[in-house]
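J.: Sharing a structure, written as structure tokens. Questions coming.
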Amino acid sequence: MSTPMDAFDEVRPAVECLDLLTAPVADALSGWRGSEPVDQVLFVDTDPDKADTAVLVENYGPWLLEQSANCVVVAGKRGGETTLAACLVLAHTRADVNGVVRRHLGARKASFAPMDTATGESGMEFGGITPIGLPATWPLLVDSAVADIPYALIGSGTRRGKLIVPGKLLAGLPGAVVLEGLGAPGAVGA
């Protein structure tokens with residue numbers, strides 16, 4: 001079975017590529033607090049025009065669809081309060097925002113956060129948001145299917161480049177909560 005590393009010519013430890021990452025991601029890697037060693041976080045340089053899942057899979061290898069995960073930012077609202085959270089689901093699924101996410105956040109209403117909010121609050125680029133380096137106050141909801149895969153190809157904070165990370169490392173990120181059924185069947189990249 002192919003791994004995400006097989007699709008790229010050069011795979012390097014992400015800590016050797018801090019200058020290619022956004023400040024929040026580089027800072028998180030420099031001051032690593034994850035449950036697994038930071039050298040397990042790998043970086044691959046990719047074309048920013050091929051950052052979207054469907055295009056990436058078409059250009060780098062079809063097996064990547066099953067091994068890619070998307071991080072989306074959601075806003076849960078209850079009363080006058082809004083809680084931002086990140087959801088990490090396999091790329092061939094969609095985050096169950098109105099079910100699992102809404103209930104977990106105790107929100108009356110949940111929806112995808114506006115792009116300006118997601119990028120402004122995370123310090124990352126749209127299409128490259130990653131769970132590594134997100135604000136510490138945000139809940140990080142990880143689908144159990146992501147936690148169970150050997151490696152996940154995820155955003156790097158920018159549209160240029162991807163991170164390859166063991167699923168168990170993602171489940172062990174500070175503040176991560178693994179949820180069954182967070183990723184529901186759906187369209188690629190949803």
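The values are calculated or read from the model by the stated rules, or taken from the named source; none is laboratory data. Just so you know, these numbers come straight off a predicted model, no measurement behind them. Heads up, the Cβs are rebuilt from the backbone with ideal geometry, glycines too, and the neighbour counts pull from every protein chain shown. Quick note on the areas: whole protein, heavy atoms, side chains included, nothing else; ligands and nucleic acids left out. Shrake-Rupley method; radii C 1.70, N 1.55, O 1.52, S 1.80 Å.
J.: Can you pull the one-decimal nm distance between simple spin-label points at LYS109 and GLU121, each 7 Å off the Cα toward Cβ?
T.: 1.5 nm
J.: Considering only protein heavy atoms, what per residue accessible area in square angstrom results for the stretch 64-190 with a 1.4 angstrom probe?
T.: Spelled out: the 1.4 Å probe surface of the stretch 64-190, per residue, equals 41 Å².
J.: Of SER35, GLN67, GLY79, which is farthest along the charge dipole of the stretch 1-83 in the positive direction, counting Lys and Arg as +1 and Asp and Glu as -1 at C-beta?
T.: Among SER35, GLN67, GLY79, the one farthest towards the positive end of the dipole of the stretch 1-83 is GLY79.
J.: Additional query: So how strong a dipole does the stretch 36-132 carry about its Cα centre when Lys and Arg Cβ are +1 and Asp and Glu Cβ are -1, to the nearest 20 debye? Please report the intermediate quantities before stating the final value.
T.: Numbers: 8 positive and 13 negative charges, 181 e Å.
Computed charge dipole of the stretch 36-132: roughly 880 debye.
J.: How big is the charge dipole of the chain about its Cα centre, in debye rounded to the nearest 20, if each Lys and Arg gets +1 on its Cβ and each Asp and Glu gets -1 on its Cβ?
T.: The dipole of the chain has a size of about 940 debye.
J.: So, with a 1.4 angstrom probe, what is the percent of accessible area on the chain that is carbon and sulfur?
T.: Accessible surface attributable to carbon and sulfur in the chain totals 50 percent.
J.: Pull up the cross-link candidates among the lysines for LYS109, meaning alpha carbon to alpha carbon under 25 Å and not fewer than 8 places away within one chain.
T.: Qualifying lysines at Cα under 25 Å: LYS77.
J.: Run through the DSSP bridge list for the chain and note the antiparallel percent, rounded to the nearest 5.
T.: 75 percent
J.: List the lysines whose Cα sits under 28 Å from the Cα of LYS50, skipping any in the same chain fewer than 8 residues away.
T.: Leaving aside lysines fewer than 8 places away in the same chain, those within reach of LYS50 are LYS162, LYS168.
J.: Indicate the gyration tensor shape class of the stretch 1-102 (rounded, prolate or oblate), computed on the Cα atoms with a ≥ b ≥ c the square roots of the eigenvalues: a/c under 1.5 is rounded; otherwise a/b larger than b/c is prolate and the rest oblate.
T.: In terms of gyration-tensor shape, oblate.
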